[in-house]
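Participant: Once you've had a glance at the structure underneath, I'll fire off some questions.
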Amino acid sequence: MTSLFDRYETAFMPNYGVPPVALERGEGSVVWGADGTEYLDMFGGIAVSSLGHAHPALVEAVSRQVATLAHTSNLIVHPREVELAEKLLGLLGAPAKVFLANSGTEANEAALKLAIKYGKSTGRGYFVAAEMGFHGRTLGALSLTGKPSIRDQFGPFPLDVRFVPYGDADALAEAVDGDCAAVFLEPTQGEAGVVPPPDGYMARAREITSAAGALLVADEIQSAIGRTGHWFAHQSDGYLPDILTLAKGLGGGLPIGACVGFGPAGTIFAKGDHGSTFGGNPVSCAAALAVLDNVDLAHVQAVAAELRAGLEAISHPLLKGVRGRGLWLAAVLTEDRGAQVQAAAQRAGFLVNAVQPDAIRLAPPLVITSAQVQTFLTAFPSILDEAADG
Ligand SMILES: *Cc1c(COP(=O)(O)O)cnc(C)c1O
């Protein structure tokens with residue numbers, strides 16, 4: 001019998017390679033493969049499955065919505081999209097307006113179009129982003145993405161994007177002058193390996209952009225919706241961006257993205273300037289509402305502190321340290337053995353993500369229990385042993 005992996009390889013383009021694991025179902029933070037193999041999900045489908053798998057509130061909200069009204073298009077208003085926008089604005093606590101998309105990269109495309117329009121109306125022609133930053137794979141977002149391996153072969157891009165080293169506020173100040181339309185930054189670089197900037201960096205970025213009259217776009221696609229122990233990372237970093245983009249954890253597994261414009265940035269688009277057929281889809285909005293009603297920040301903070309303290313207490317020659325915040329950590333390795341750690345973890349019944357050759361990303365469901373965190377912490381030293389030998 002041909003395996004699912006062989007069929008995958010035959011049917012799909014090779015852009016992902018063939019993933020090493022196949023899953024069939026999940027419950028909470030546990031997932032099962034077709035052969036019954038059980039895993040503890042320590043990466044949450046790239047920080048997406050905020051309520052874990054098959055959460056009753058998510059199942060109920062999505063099932064009810066799909067059985068009631070699954071799609072309207074953007075030519076029609078429906079209650080869930082309005083409730084979701086209002087709920088987001090309430091959590092943000094500042095005057096703003098929302099655009100709904102279907103993914104992270106689309107949220108950033110909307111942000112980029114706002115920035116382009118702002119730049120044209122104020123005579124500002126270039127953009128600044130960070131080296132190693134990740135903003136998405138569509139061409140606009142890709143042009144802001146600072147990872148040469150995924151960017152360079154698709155260039156040149158029609159936008160003037162200047163890259164600065166992430167976390168260096170002086171380099172940012174140097175790069176941003178009165179001709180700069182917008183600065184795009186992640187509050188911690190996710191795909192670069194969960195790399196936080198020095199304390200105060202984002203607040204400095206706010207000062208620098210405000211002084212130059214450039215927009216500050218905070219790409220919180222990975223960092224928001226409770227991931228750091230706060231609804232939004234900027235809330236604990238002490239600044240307000242002009243534009244905020246959201247996606248990953250917002251839909252709890254259903255596709256949704258959002259671009260939020262604060263103050264004047266909320267009204268840069270005029271009627272007809274942007275759109276999306278599926279954006280604000282009722283089913284995805286119902287899912288996002290269930291997520292926002294069920295994420296428990298106090299729980300996230302408690303289990304995150306346990307996970308971090310447990311990792312920091314492990315002394316192992318392959319483990320250099322821990323970085324990140326909330327339930328969004330990287331175990332940093334002393335050698336490029338991330339792939340071996342990921343494989344050893346899988347054999348031991350844990351799904352983790354070697355986000356960089358020397359970094360293991362941990363972004364479990366926000367509902368992970370203390371007991372599950374302890375199970376992982378107990379197993380991790382022998383996973384490291386195996387990866388060091390193997
Ligand atoms: C994942 C991610 C994106 C892209 O989101 P997609 O939904 O994959 O398009 C953009 N920015 C950041 C910071 C991300 O982590």
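Participant: Among SER210, GLY266, PRO198, pick out the residue whose Cα is farthest towards the positive end of the charge dipole of region 172-270, where Lys and Arg carry +1 and Asp and Glu carry -1 on C-beta, about the Cα centre.
Facilitator: The listed residue farthest towards the positive side: GLY266.
Participant: Hey, another quick one. Step through the residues of region 171-185 one at a time and calculate ³J(HN,Hα) from phi using the Karplus curve (6.51 cos²θ - 1.76 cosθ + 1.60, θ = phi - 60°), rounding each to whole Hz and writing x for Gly and Pro.
Facilitator: Values, residue by residue: 5, 5, 4, 4, 7, 9, 10, x, 9, 7, 7, 6, 10, 10, 9 Hz.
Participant: If you don't mind, another one. Can you give the alpha-carbon Rg of region 136-185 over 2.2 N^0.38 Å, where N counts its residues?
Facilitator: 1.18
Participant: I want to verify the translational diffusion coefficient of region 66-134 in µm²/s; compute it with Stokes-Einstein, Rh as the Kirkwood radius over Cα pairs, at 37 °C and 0.692 mPa s.
Facilitator: 219 µm²/s
Participant: On to the next question. Would you kindly give the portion of the calculated P(r) for region 77-230 that falls above 22 Å, as a percent of all Cα pairs?
Facilitator: 42 percent
Participant: Given the Cα-Cα distance of ALA11 and ALA305 and 0.36 nm per residue of separation, how much length would full extension add, in nm?
Facilitator: So the chain would gain 101.6 nm between ALA11 and ALA305.
Participant: What percentage of the solvent-accessible surface of region 67-226, computed with a 1.4 Å probe over protein heavy atoms, is contributed by carbon and sulfur atoms?
Facilitator: 57 percent
Participant: I want the antiparallel fraction of DSSP beta bridges within the chain, as a percent rounded to 5.
Facilitator: 60 percent
Participant: Along region 31-41, what does the Karplus equation 6.51 cos²θ - 1.76 cosθ + 1.60 (θ = phi - 60°) give for ³J(HN,Hα), rounded to whole Hz, x for Gly and Pro?
Facilitator: Once rounded to whole Hz, the list reads 10, 10, x, 4, 7, x, 4, 9, 10, 8, 7.
Participant: Have a look at VAL291, THR188, LEU40 and report the one farthest towards the positive end of the charge dipole of the chain, computed about the Cα centre with Cβ charges (Lys/Arg +1, Asp/Glu -1).
Facilitator: VAL291
Participant: If you don't mind, there's one more thing I want to ask. Using only the Cα atoms of region 257-390, each taken as one equal point scatterer with no solvent, compute I(q) by the Debye sum, divide by I(0), and report log10 of the ratio at q = 0.11, 0.15, 0.16 Å⁻¹.
Facilitator: -0.55, -0.79, -0.84
Participant: If the cut-off is 20 Å between C-alpha atoms, which lysines fall inside it for LYS248, apart from same-chain ones fewer than 8 positions away?
Facilitator: LYS87, LYS97, LYS147
Participant: How many nm is it between the label spots at LEU139 and LEU91, if each spot is 7 Å from the Cα in line with the beta carbon?
Facilitator: The modelled label-to-label distance comes out at 3.3 nm.
Participant: For region 4-142, what are Rg and Dmax over the alpha carbons, in angstrom?
Facilitator: Final numbers for Rg and Dmax: 19.9, 60 Å.
Participant: Work out the length of the dipole vector of the chain about its Cα centre, built from +1 on the beta-carbon of each Lys and Arg and -1 on the beta-carbon of each Asp and Glu, and round it to the nearest 20 debye.
Facilitator: My answer is approximately 800 debye.
Participant: Report, to two decimal places, the Cα Rg of region 194-286 normalised by 2.2 N^0.38 Å (N = number of residues).
Facilitator: 1.19
Participant: Can you tally the net charge around GLY229? Count Lys and Arg as +1, Asp and Glu as -1, for every other residue whose Cβ sits under 11 Å from the Cβ of GLY229.
Facilitator: +2
Participant: Convert each backbone phi in region 20-29 into a coupling constant with the Karplus relation 6.51 cos²θ - 1.76 cosθ + 1.60 (shift: θ = phi - 60°), then list the ³J(HN,Hα) values in order as whole Hz, x for Gly and Pro.
Facilitator: x, 9, 10, 10, 10, 7, x, 8, x, 9
Participant: While we're looking at this one, here's another question. Determine how many Å³ per residue the convex hull of the Cα atoms of region 6-85 encloses.
Facilitator: 174 Å³
Participant: While we're looking at this one, here's another question. Roughly how many Å² is the accessible area per residue of the chain, as a whole number, for a 1.4 Å probe?
Facilitator: Roughly 43 Å² per residue, with all protein chains present.
Participant: Here is a further query. Take the alpha carbon atoms of the chain, find their radius of gyration, then divide it by 2.2 N^0.38 Å using N residues; give the quotient.
Facilitator: 0.98
The values are calculated or read from the model by the stated rules, or taken from the named source; none is laboratory data. As the structure is a prediction and not an experimental result, all values here were calculated from the model. With ideal geometry, Cβ positions are generated from the backbone for all residues, glycine too; neighbour counts draw on all protein chains shown. Side chains included, ligands, DNA and RNA excluded: accessible areas come from the protein's heavy atoms. Shrake-Rupley method; radii C 1.70, N 1.55, O 1.52, S 1.80 Å.
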